[in-house]
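One structure below.
The values are calculated or read from the model by the stated rules, or taken from the named source; none is laboratory data. Computed from a predicted model, the values in this text were never measured in an experiment. Here the Cβ positions follow ideal geometry from the backbone for every residue, glycine too, while neighbour counts run over all protein chains shown. To get the accessible areas, we keep the full protein, side chains included, count just its heavy atoms, and leave off ligands, DNA and RNA. Shrake-Rupley method; radii C 1.70, N 1.55, O 1.52, S 1.80 Å.
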Amino acid sequence: MRIFYSDHFVIPLPEGHRFPIRKYSLLRERLVAAGLVRPEALVVPDAATDEQLRLVHTHRYVRAVVEGTLDAAEIRRLGLPWSEALVERSRRSVGGTIRAARCAITDGYAANLAGGTHHAFADRGEGFCVFNDVAVATRVLQREERVGRVVVIDTDVHQGNGTAAIFSHDPTAFTFSMHGARNFPFHKEESDLDIELPDGCTDEMFLDVVRRGTTEALERSRADLAFYIAGADAFEGDALGRLSVSMAGLADRDAIVYDECEQAGVPVTIVMGGGY
């Protein structure tokens, strides 16, 4: 299994900023220390190019991010201060999902230890998400004629509003999002399949929704490739998640998604999503 990462770029944050940038490097270190991944299996991806980003994002937005000309309202919505390191890491995060998706087509599955930036819209960033890696990877692979149809299986506790908006009315991309009903974003977009979860949702209900939603999404999408956003923020100990899913429940969630995709003959690209 090929795994891509881009945590070597340090994003400087103001003192007291709560966004857990270190989670990316901590995950990589934990995988290696536990012997789950050989160090040589970890690959630093190329950065996504402006041309690739513009397959999804507007020219104005890409230019504003790259040149650092986002206005105060855009920075506030994004939730991260602009820096050259932020731009580089955001490009690499998208590049990791592109590379992982290409590998998944050949190998059956691959992962990016970043990505899942599902709050990024075509013309703006939001909720710590600069560029929408899954949407860009989809358009790149479609342009390369590696895939025709994709399905996005988004189990992050927050709705994939940017992904839903980008793929709205697009028959080649099916979006499934299961998420906290009362969690960010407070204005939800319309995915092809949305299932809302109540605060305090525990393993039994959560896993039932994972199974039902994944099965329906695969049946309806007739996809050539699945993007699995494996957010860890449904965990009961997550600071922002509002759900009560155990660690064992999250492991069962992963197994359900993998098994359902395997049975359907659909390769899987895994991206990280949230976790706080």
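Here are the numbers for the structure shown:
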| item | result |
| --- | --- |
| Any pair with Cβ under 8 angstrom, 6 or more apart, that starts in the stretch 222-233 at a residue that is over 11 Å from V150 (Cα atoms) and touching a residue at least 12 places away in the same chain (Cβ under 8 Å) and ends at one that is among the aromatic types (F, W, Y) and assigned to a loop (DSSP other than H, G, I, E, B) | D233/Y276 |
| First in the stretch 259-270 and polar (S, T, N, Q), second anywhere and open to solvent by 20 Å² or more (accessible area, probe 1.4 Å), Cβ under 8 Å, 6 or more apart | T269/Y109 |
| Of all residues making up the stretch 229-261, the number that are out of contact with any Asp or Glu (no Cβ under 8 Å at 6 or more places or on another chain) and either over 20 Å from C129 (Cα atoms) or outside any loop (DSSP other than H, G, I, E, B) (or both) | 15 |
| Of residues in the stretch 139-149 being of a type in the set (D, E, K, R) and part of a loop (DSSP other than H, G, I, E, B), the one surrounded by the fewest Cβ atoms within 10 Å (Cβ to Cβ) | E145 |
| Residues being open to solvent by 10 Å² or more (accessible area, probe 1.4 Å) and in contact (Cβ under 8 Å) with a residue 40 or more places away in the chain - total across the stretch 177-187 | 3 |
| Test: residue in the stretch 30-44 that is closer than 20 Å to V87 by Cβ, assigned to a loop (DSSP other than H, G, I, E, B) and at pLDDT 85 or above | yes |
| Residue list for the stretch 71-86, filter: without any contact (Cβ under 8 Å) to a residue 40 or more places away in the chain and either surrounded by 19 or more Cβ atoms within 10 Å (Cβ to Cβ) or not in a helix (DSSP H, G or I) (or both) | D71, W82 |
| Members of the stretch 45-71 that are modelled with pLDDT of 95 or more and in contact with a Lys or Arg (Cβ under 6 Å, 6 or more places away or on another chain) | A47, A48, L55, V56, V62 |
| Selected residue [modelled with pLDDT of 95 or more, under 19 Å from the mean Cα position of the chain (by Cα) and open to solvent by less than 60 Å² (accessible area, probe 1.4 Å)] from L207, L193 | L193 |
| Residue count, the stretch 104-114 (criterion: polar (S, T, N, Q) and open to solvent by 10 Å² or more (accessible area, probe 1.4 Å)) | 1 |
| Residue match in the stretch 188-202 (condition: under 21 Å from G125 (Cα atoms), part of a helix (DSSP H, G or I) and without any contact (Cβ under 8 Å) to a residue 40 or more places away in the chain) | no |
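Yes or no, residue by residue, for (1) of a type in the set (D, E, K, R); (2) in a strand (DSSP E or B); (3) open to solvent by 30 Å² or more (accessible area, probe 1.4 Å); (4) modelled with pLDDT of 95 or more:
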site: T97; (1), (2), (3), (4): no, no, no, yes
site: R102; (1), (2), (3), (4): yes, no, yes, yes
site: G116; (1), (2), (3), (4): no, no, no, yes
site: R124; (1), (2), (3), (4): yes, no, yes, yes
site: A137; (1), (2), (3), (4): no, no, no, yes
site: V151; (1), (2), (3), (4): no, yes, no, yes
site: V157; (1), (2), (3), (4): no, no, no, yes
site: T163; (1), (2), (3), (4): no, no, no, yes
site: T175; (1), (2), (3), (4): no, yes, no, yes
